[in-house]
Every structure is written in C-alpha cells, then in structure tokens.
Amino acid sequence: MPKLFVQTKTEPHLSTICVGASVEDAAAVCKENGYSKVGVVFSKNTEGIAGRAIAALRKANVLSEKICIDDCEKSKGVENATSLLLKMKLAGLDRHSAVVAVGGGVLGDVSAYAASTYMRGIPIVQVPTTLLAMVDSSVGGKTGVNLDGKNMVGTFHPADAVIIDFSTLESLPADEYRQGIAEIAKAACIGDEKLFSLLESDAQKIVKRDPQTLCAAVEAALKVKAKIVERDPKESVLNPSESSRMLLNFGHSFAHAIESESGYSVRHGDAVAMGMVAAANASSKVSGLAKSDVERVKKLLLSLGLPTAVSQNPEKLLLRMKSDKKNRAGEITLVLLKSIGRPQIMRNVPDSIVLDALKAASP
Ligand SMILES: NC(=O)c1ccc[n+]([C@@H]2O[C@H](COP(=O)([O-])OP(=O)(O)OC[C@H]3O[C@@H](n4cnc5c(N)ncnc54)[C@H](O)[C@@H]3O)[C@@H](O)[C@H]2O)c1
Ligand SMILES: [Zn+2]
C-alpha cells in the first residue's frame with residue numbers, strides 16, 4: 001500500500017496518508033496513537049462503512065462512540081458544527097480523544113472543524129468515502145463550515161492520518177464520483193504530465209473505478225497537492241506566485257463563476273472541468289500552451305466523462321469572475337499552463353482574454 005507523508009517545514013505536524021488501505025486500518029492508527037476514546041462520525045449514507053471501522057476499533061480494544069450527523073451541503077453550517085461539538089461532549093470525548101470522520105468532503109470538513117476547536121483541538125483521522133474527499137478535501141489541512149457564505153468559518157487542522165479505501169466508492173453515485181475525477185485531472189494539469197498520460201491511456205479504467213488504476217492516479221494526484229501544500233500550508237503566501245497554494249485553483253476562477261451563474265445546478269467538479277477548458281484556451285493565448293495541448297486537455301476531460309462546453313453567457317461570467325472575493329479590486333488572476341504539468345500564475349488578465357477563452361469553450 002503506498003504511503004505518503006505530508007509534513008511542512010514550519011509545522012511539526014505529520015499527516016500519514018495511506019492510499020489503497022482498508023477502513024479497518026483506521027483502528028490500528030488509533031491504537032498506535034493511543035487515543036483515549038474515538039468518536040466515529042458518519043452520516044446515513046456512510047453508516048455501513050463506519051460500522052467496519054467501529055468493529056475494528058472494538059477488536060483492537062479502542063473505546064469508541066458512534067456519532068451520526070447530516071452531511072448534505074445545506075447542513076454544512078456553523079449550527080451543524082455546534083451540534084456535532086455537543087454530540088462529542090455527550091460521547092465523553094476528552095482532550096486525549098480523537099475523531100474518525102467517515103464520509104465525503106462535507107462531513108470531513110465539519111468534523112475537522114469541530115475537532116480543531118473541541119477542547120482547543122483534538123486529532124482527526126479522515127476516512128474519505130468520496131473520490132473528491134480522497135484526492136482533495138481530506139488532505140491539506142483546511143477545514144470549513146458555511147456562515148452566510150461557503151466556508152466562511154474555518155481553521156487549519158491537518159489529519160493525523162488519512163485512510164483511503166477504494167472499496168468505499170462502490171456505493172457512491174456516478175454523479176458524485178465524476179466530481180472527484182475532475183480534481184485528479186486538475187492535479188495532472190498543474191503538476192504531473194505522467195499522471196496526465198496515465199489518465200489518457202487508462203481513462204476507461206478510471207471511469208469504471210478499477211482499484212489498481214485508481215490507486216496509481218490518486219497517489220500521484222495527492223503528491224501534487226502535498227507538494228504545493230507543504231510550500232504554503234496556511235495559504236499565507238499572499239502574492240500570487242508559483243509557490244502559493246493558489247496553483248490548486250487551476251480552472252477554479254472560471255468554475256466558481258459557472259457554478260454561481262447556474263444557481264449551483266452545475267456541480268463543482270463539472271464546473272472545474274469546463275473551467276479547465278477555458279483556462280487552457282487562455283493559456284494558449286498568454287502563457288504559451290501549445291494548441292495541441294489545449295486539444296489534449298479537452299479530449300482527456302471528455303474521455304473521463306466530464307463536460308467541457310460552457311453554455312452560459314461569457315459577459316455574465318466575466319462579471320462574476322471580477323466580483324469573486326478571491327480577486328482583488330476587480331482584477332482577475334488566473335492559474336494558466338505553460339505546458340501540461342507546468343503552471344504559471346498570471347495577474348491582471350485582460351477582460352478580452354477571459355471573454356475569448358469562454359467564447360472558445362462555448363458549445
Ligand atoms: N477542505 C478542503 O480542502 C476541501 C477541498 C475541496 C472540497 N471541500 C469541500 O468538500 C465538499 C464536497 O465534498 P464531496 O464532493 O465529497 O461531497 P459530499 O460530502 O457533499 O458528499 C456527496 C454525497 O455523497 C454521499 N456519500 C459520501 N460517501 C458515500 C459513499 N461511499 N456511498 C454513497 N454515498 C456517499 C454523501 O452522504 C452526500 O450525500 C464541499 O463542501 C467542499 O467545500 C473541501
Ligand atoms: Zn475544486
């Protein structure tokens with residue numbers, strides 16, 4: 001089983017990421033780390049998977065309590081985190097206890113936020129059960145809950161361990177699964193040409209959830225994320241540069257506009273796929289990405305079952321991009337590509353480039 005270790009120079013915290021592990025391995029981690037008690041957080045959709053972790057914890061003689069929470073995006077509010085904190089108290093968790101979060105990005109984010117504040121912070125072990133949580137939200141230390149806006153409240157609280165078991169994806173609906181594929185493709189574009197080629201040659205195996213191919217792709221995608229996070233663990237590199245965490249936003253400036261313009265009927269990963277096509281178009285104009293590579297990006301996304309055409313009005317999307325809170329004073333900053341695997345951050349991108357990139361991505 002591939003193991004990755006994410007440790008930053010400034011933080012003593014070491015996250016161990018076990019790719020292709022089994023849910024039951026969470027128990028061994030908890031035993032080894034000597035937690036006094038473990039609160040296993042799950043939702044209705046992940047109850048069966050959490051049951052496997054609980055059985056293993058019992059077998060390993062680690063005290064545990066079940067904690068069920070709602071995990072739809074609407075329930076990602078501060079109130080849900082407060083109600084989870086109360087459940088953790090009722091479960092008798094103390095300063096030496098830990099949380100094991102069994103679920104997707106919503107459950108993982110809420111649980112990690114609660115763990116980071118409970119008794120001034122207790123450890124968390126993440127058992128991601130969606131592909132997006134495996135390649136993105138469970139790694140990197142960001143926690144977040146919604147308060148009059150998405151992820152308006154949060155902390156940095158890296159997991160002690162992340163246990164990635166591909167068998168948990170068996171029950172995941174296809175729509176949800178596809179959202180994670182987009183983030184793997186993003187990782188390939190910004191940091192790993194070999195991963196890009198692997199995705200090109202094995203697209204069908206990825207779509208069919210072949211565990212071996214997934215293991216190689218997820219491991220490579222996590223390495224890309226880990227390298228970026230290690231350089232900028234707390235998103236404190238304020239100036240957009242190749243050493244900032246902003247690189248992870250490839251396709252995302254366009255995607256956020258597409259999602260909000262659709263009233264959130266377009267899902268995040270789908271919007272990221274469309275956004276990557278627009279960003280690749282802009283890259284060919286500004287940062288030297290070869291036209292043939294723009295085509296490769298589009299072809300890859302299509303073969304992975306992702307949407308690539310942006311049907312919304314380009315002018316409306318441009319306005320949304322200019323008012324994005326991540327952009328300063330209406331100035332658009334984009335992550336572009338010099339070539340596949342080599343990103344470049346471009347500040348003050350002219351409106352005409354953004355509009356042309358969107359028009360070239362229209363159906
Ligand atoms: N912390 C970070 O760095 C970070 C990064 C990216 C995204 N996020 C957050 O992640 C969230 C999205 O996460 P997501 O895409 O994992 O979706 P999700 O957590 O909303 O889960 C989607 C649905 O799938 C269900 N589900 C989860 N695992 C399942 C399984 N194995 N079988 C059947 N159903 C299952 C869930 O109950 C839910 O209904 C967003 O809130 C986003 O802000 C955080
Ligand atoms: Zn994303």
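Figures for the structure shown
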{"item": "Residues of the stretch 146-171 classified as within 9 Å of ligand 1 (Cβ to nearest atom) and buried (at least 19 other Cβ atoms within 10 Å of the Cβ), total", "result": "3"}
{"item": "Only one of 2, 12 that is at pLDDT below 95 and either within 25 Å of residue 221 (Cβ to Cβ) or among the aromatic types (Phe, Trp, Tyr) (or both)", "result": "2"}
{"item": "Helices (runs of 4 or more DSSP H) contained entirely in the stretch 124-215, each with at least 2 residues that are under 24 Å from residue 51 (Cα atoms)", "result": "174-191"}
{"item": "Residue within the stretch 97-109 that is assigned to a helix (DSSP H, G or I) and in contact (Cβ under 8 Å) with a residue 40 or more places away in the chain present", "result": "yes"}
{"item": "The one condition in (1) part of a helix (DSSP H, G or I); (2) surrounded by 21 or more Cβ atoms within 10 Å (Cβ to Cβ); (3) more than 12 Å from ligand 2 (Cβ to nearest atom) that residue 289 fails to fulfil", "result": "(1)"}
{"item": "Filtered residue count, the stretch 292-303, keeping only those that are without any contact (Cβ under 8 Å) to a residue 40 or more places away in the chain and either of a type in the set (Gly, Ala, Ser) or not in a helix (DSSP H, G or I) (or both)", "result": "1"}
{"item": "Unmet criterion (only one of (1) part of a helix (DSSP H, G or I); (2) surrounded by 16 or more Cβ atoms within 10 Å (Cβ to Cβ)) for residue 306", "result": "(1)"}
{"item": "Residue match in the stretch 110-121 (condition: in the same structural domain as residue 73 (by TED's automatic domain parsing) and not in a helix (DSSP H, G or I))", "result": "yes"}
{"item": "Long-range neighbours under 8 Å by Cβ, at least six apart or interchain, first residue under 10 Å from residue 310 (Cβ atoms) within the stretch 252-271, second of a type in the set (A, V, I, L, M) and assigned to a loop (DSSP other than H, G, I, E, B)", "result": "254/310; 258/266; 258/310"}
{"item": "Qualifying positions in the stretch 35-77 - assigned to a loop (DSSP other than H, G, I, E, B), more than 9 Å from ligand 1 (Cβ to nearest atom) and hydrophobic (A, V, I, L, M, F, W, C)", "result": "60, 62, 63, 69"}
{"item": "Answer from 185, 174 - the residue that is more than 9 Å from ligand 1 (Cβ to nearest atom) and buried (at least 20 other Cβ atoms within 10 Å of the Cβ)", "result": "185"}
{"item": "Residue in the stretch 110-123 that is under 13 Å from the mean Cα position of the chain (by Cα) and of a type outside the set (Phe, Trp, Tyr) present", "result": "no"}
{"item": "Complete set of residues in the stretch 33-44 that are surrounded by fewer than 19 Cβ atoms within 10 Å (Cβ to Cβ) and within 24 Å of the chain's Cα centre (by Cα)", "result": "44"}
{"item": "Meets criteria (buried (at least 19 other Cβ atoms within 10 Å of the Cβ), in contact with a Cys (Cβ under 8 Å, 6 or more places away or on another chain) and of a type in the set (Gly, Ala, Ser)) for residue 81", "result": "no"}
{"item": "The stretch 109-121: number of residues that are surrounded by 24 or more Cβ atoms within 10 Å (Cβ to Cβ) and away from ligand 1 (no atom under 12 Å from the Cβ)", "result": "2"}
{"item": "One residue from 277, 229 being more than 24 Å from residue 106 (Cβ to Cβ), touching a Lys or Arg at 6+ places or on another chain (Cβ under 9 Å), within 16 Å of ligand 2 (Cβ to nearest atom) and in the same structural domain as residue 355 (by TED's automatic domain parsing)", "result": "277"}
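Per-residue answers, yes or no, for (1) in contact with a helix residue (DSSP H, G or I) (Cβ under 7 Å, 6 or more places away or on another chain); (2) not hydrophobic (A, V, I, L, M, F, W, C):
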residue: 239; (1), (2): no, yes
residue: 244; (1), (2): no, yes
residue: 260; (1), (2): yes, yes
residue: 273; (1), (2): yes, no
residue: 284; (1), (2): yes, yes
residue: 289; (1), (2): yes, no
residue: 293; (1), (2): no, yes
residue: 331; (1), (2): no, yes
residue: 338; (1), (2): no, yes
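The values are calculated or read from the model by the stated rules, or taken from the named source; none is laboratory data. Everything numeric in this text was worked out from a predicted model, so none of it was measured. Backbone-built Cβ (ideal geometry, glycine too); neighbour counts: all protein chains shown.
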